[in-house]
There are 2 protein chains.
Amino acid sequence: MTGKEEPGWLAIAGLGPGDDQLVTPEVSAALAEATDVVGYIPYVARVAPRPGLTLHPSDNRVELDRARAALEMAAIGKRVVVVSSGDPGVFAMASAVFEALEGREDWQALNIRVLPGITAMLAAAAAAGAPLGHDFCCINLSDNLKPWEVIETRLRHAARADFAMAFYNPRSASRPEGFLKALTTLREECGSDRLITFARAVSTPEQRLLTVTLGEATPEMADMRTVVIVGNSATRRVGRFVYSPRSAG
Amino acid sequence: MTGKEEPGWLAIAGLGPGDDQLVTPEVSAALAEATDVVGYIPYVARVAPRPGLTLHPSDNRVELDRARAALEMAAIGKRVVVVSSGDPGVFAMASAVFEALEGREDWQALNIRVLPGITAMLAAAAAAGAPLGHDFCCINLSDNLKPWEVIETRLRHAARADFAMAFYNPRSASRPEGFLKALTTLREECGSDRLITFARAVSTPEQRLLTVTLGEATPEMADMRTVVIVGNSATRRVGRFVYSPRSAG
């Protein structure tokens, strides 16, 4: 597996929510074979340095540049892993890499694989019980990449469909008002008694879980390390757990 | 970790979609410590027998009985793993275990953990590219546990929210007409050009991927081992991949 004669490849890999015990053997094997690891600084920091491996940490919000740099390296024979936290296909690097393939038939011919990971909502749901045990949806509340009106429309349809809901990126320092608007919309649609779980830094030593009602929820309960899960109309507590029953209607 | 003095525990664990390389180290460690493994026959068959481990395979559609049997064993000091394929919190055993805890304060006091896994839609999306790279929903199309009207309402709201959609249990031998109805509803709401991916037995030697348009899709393209992913209005092909761009609106 060494030498310039070997063909390059690109793996877009999910490191899971934080605990190394949640990294799949498939991802560990790709990292062990890689010559280069590319990603956002805190995710690359989770990869142990070793001889023969070059780490390329980069700032956030440069996803397309990062994808192109990774593809360039694979094209010249490197074995490149693009790392995301969670799952690379859920609000992470996989879509950025495929966007970078547009119009580039040379890159489209490369050996490109997506290696799934434990996305944050699954780890958060597991820590809380089983709030996603019935039909659900998953919404990125960041309005960096879409107008707020799209988010609001999705929240209302999700509530009327009686989906449980998982929210990524609920609240940033630069746009604190978005999550307050989301809570207001959800209270209008779902009422004040609906359960909402704030799961921060799940699977890490800083994990913190809080379940309250929508009436009790405040924007400060979330930050950018928090996944928020809103139950459906049947979601309930049993003992210290929160779960959505399997049946509905 | 032996002897009757040790307290029992219950872990509800996800084995991932099929490939052992997608089983997390956390789940492997729980299985290595277990005295008893409980689950549906084909999932228990994925656990290697060893001295000191009793396997309890059972038929499907007895989830609550299976959950109670597992809790009974944990209550008398056994170390019990309830196995699901994929993630235990997504249309699998976790909700059944929490349902079994209702009214049983003795069982609620037990050491119960949910160990997340790679759920089928994440593995299917990874194999196809990144069709779930933007907001999406996840619907169990089986009408065993809910009336068809609930499913149809959810499909229409999901389409109007412009969610990508992942469907579990799209088609059973006993209810083949449900998936045809779903395709008809989706064509009405999304038009004939929308991309739909059929991902069968993902990560196993029998894996088969097919992406067509809604106009080309037929019910026979799915069976009970298939996860179906319908793109949003922006989902597109690039090379051999299918992906949903990160931005919308």
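Things to note:
- Spacing of the two label points (7 Å from each Cα toward its C-beta) at B:ASP65 and A:SER192, in nm: 4.5 nm
- Test item: A:8-19 mean partner chain Cβ contacts at 10 Å: 1
- Between B:SER247 and B:THR218, residue separation times 0.36 nm minus the direct Cα-Cα distance comes to 7.4 nm.
- For the residues of B:227-238, the average number of beta carbons from a partner chain within 10 Å of their own beta carbon is 1.
- The protein assembly as shown: C-alpha gyration tensor shape, a/c 1.5 cut-off, then a/b vs b/c: rounded
- Calculated [θ] (222 nm, deg cm²/dmol) that DSSP helices of n ≥ 4 give over the protein assembly as shown, each run adding -39,500 (n - 2.57): -8500 deg cm²/dmol
- Spin-label model distance (nm) - B:ASP20 vs A:ALA173, 7 Å beyond Cα toward Cβ: 4.7 nm
- Straight-distance candidates among the aspartates and glutamates for linking to A:LYS78, with alpha-carbon spacing under 14 Å and chain neighbours fewer than 8 residues away dropped: A:GLU5, A:GLU6, A:GLU33, A:ASP36.
- Packing order of peptides B:113-126, B:225-238, highest average first: B:113-126, B:225-238 (average count of other Cβ atoms within 10 Å over each peptide's residues).
- Pseudo-label separations to other copies for A:ARG236 - Cα-to-Cβ vector, 7 Å, nm: 4.8
- Per-residue shielding of B:148-160, expressed as the average number of other chain Cβ atoms within 10 Å of the residue Cβ, stands at 4.
- Here A:SER172, B:SER142, B:SER85 are placed in order of increasing Cβ neighbour count within 10 Å, fewest first, which gives A:SER172, B:SER142, B:SER85.
- Isolated Cys in chain A, by beta carbon distance under 4.7 Å: A:CYS138, A:CYS190
- Result for chain B in a Gaussian network model with C-alpha springs under 10 Å: among B:ARG50, B:ARG194, B:ARG154, the largest mean-square fluctuation is at B:ARG50.
- Cα→Cβ-extended label distance, 7 Å offset, between A:ARG240 and B:GLN108, nm: 1.3 nm
- For A:PRO57, inter-copy label distances in nm, listed shortest first [label point 7 Å out on the Cα-Cβ vector]: 4.8
- Equivalent ellipsoid semi-axes - Cα gyration tensor, the range A:1-88, angstrom: 19, 16, 11
- Prolate/oblate/rounded label for chain A (Cα gyration tensor, a/c 1.5): prolate
- Choice from A:HIS157, A:HIS56, A:HIS134 showing the highest fluctuation, given a GNM over chain A with Cα pairs closer than 10 Å: A:HIS157
- Viscosity 0.890 mPa s, temperature 25 °C, Stokes-Einstein D of the range B:113-249 from Kirkwood C-alpha radius, µm²/s: 164 µm²/s
None of the figures in this text is laboratory data; all of them are computed from the coordinates on show. All values reported here derive from a predicted model rather than from experimental measurement. Backbone-built Cβ (ideal geometry, glycine too); neighbour counts: all protein chains shown.
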